[in-house]
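Only one structure is covered here, and it is reproduced in the block below.
The values are calculated or read from the model by the stated rules, or taken from the named source; none is laboratory data. Please read these numbers as outputs of a predicted model, since none were measured by experiment. Here Cβ is always computed from backbone atoms with ideal geometry, including for glycine, and neighbour counts include all displayed protein chains. All accessible areas refer to the heavy atoms of the entire protein, side chains included, with ligands and DNA or RNA removed. Shrake-Rupley method; radii C 1.70, N 1.55, O 1.52, S 1.80 Å.
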Amino acid sequence: WRAAAAADVALAERVEAQLAEPGSLRLIEAIFGNSPYLTHLGEREPKLLAGLVEAGPEPAVAALWQDLAAIRRSAAAGEDPSRPLRLAKRRLALVTAVADIAGAWSLAEVTAALSGFAEQALSAACAFLLTELARQLDVRLKDPEAPETGSGLIVLGMGKLGAGELNYSSDIDLIIFYDPECWPQDCRSDLQNRFVRLARGLVRIMAQRTADGYVFRTDLRLRPDPGSTPPAMSVLAAEIYYETLGQNWERAAMIKAR
């Protein structure tokens, strides 16, 4: 951590001051002495960690939500959010872990932060993918600044994501539907394939491992009959399934859907 901060004189002075203060030192030793993962994050984000030790998690998490809003705006304008989301997830992991270890946040606050981040990350990814889809089909979105609005895309968060209970190691369970009626008649014939590719693109953005890590592991297997259905289903096909073949456990799973 010292080495990572050394290039910035002001930051290096802050780090040394924190290491000289007994309360701060106990927190820093807990982080670097027990978790290789948090050690790695602290070395990658030395300024963020210094700010967390000095001022607590609130300023950092407020800045993180602002960053997510900017990522979403860029995604709606056609910029791939994959790398910015991975960097933001890295910062979120450090913020929530330090807040948790220090006792600054309750369990409910930790899971709410992780779940809220997942929701915003999914929104940015969907905005990008819908913008790309509209460009490919030469269709004007109903609201280019909010591509999901009126798009017919339905992404249900299931399980812990749906209930706002994500923890550090959780994957996210999604069910993806689409409504063809929201798209012009002349492009509906290929809409199934388009939304299947969109669903796969969403998994790629969220779950693909790169040099910057991944956002969340993503599972689409809670959809109706996952062994024989595509990763994105039309609303009509889903309604028919749940009304005729749907199992009780599949209906019960919707209790936590959001």
Radius, Kirkwood style, for the chain when every pair of distinct Cα atoms is counted (Å): 20.1
Using Cα positions and a limit of under 15 Å, work out the aspartates and glutamates in reach of Lys89, with same-chain residues fewer than 8 apart set aside. Glu45, Asp67, Glu119, Asp171, Asp212
Relative contact order (%) - the stretch 132-258, alpha-carbon pairs under 8 angstrom, separation at least six: 30
Leaving out ligands and nucleic acids, and using a 1.4 Å probe, what accessible area per residue does the stretch 133-184 come to in Å²? 47
Based on the mean of other Cβ atoms within 10 Å per residue, sort peptides 244-254, 54-64, 171-181 so the most packed one is first. 171-181, 54-64, 244-254
Span-like helices, the chain: DSSP H, alpha-carbon axial extent 20 Å or more, mean Kyte-Doolittle 0.0 or greater, which ones? 57-76, 82-101, 107-137, 191-207
What is the antiparallel percent of DSSP beta bridges lying wholly in the chain, to the nearest 5? 60
Using Cα pairs under 8 angstrom and six or more residues apart, how large is the relative contact order of the chain, in percent? 16
Once the in-chain neighbours fewer than 8 apart are removed, the lysines whose Cα is under 18 Å from Lys256 read Lys160
To the nearest Å², the heavy-atom accessible area per residue of the stretch 45-116 with 1.4 Å probe amounts to 41
Kindly provide the helix-only [θ] at 222 nm of the chain, computed as the sum of -39,500 (n - 2.57) over DSSP H runs of four or more divided by all residues, to the nearest 500 deg cm²/dmol? -19000 deg cm²/dmol
Fraction of accessible area attributable to carbon and sulfur, the stretch 1-66 (%, probe 1.4 Å): 58
Could you look at the stretch 116-258 and say what percent of its accessible area is carbon and sulfur, using a 1.4 Å probe and all protein chains? 51
Per residue, how large is the accessible surface of the stretch 192-255? Use a 1.4 angstrom probe and give square angstrom. 57
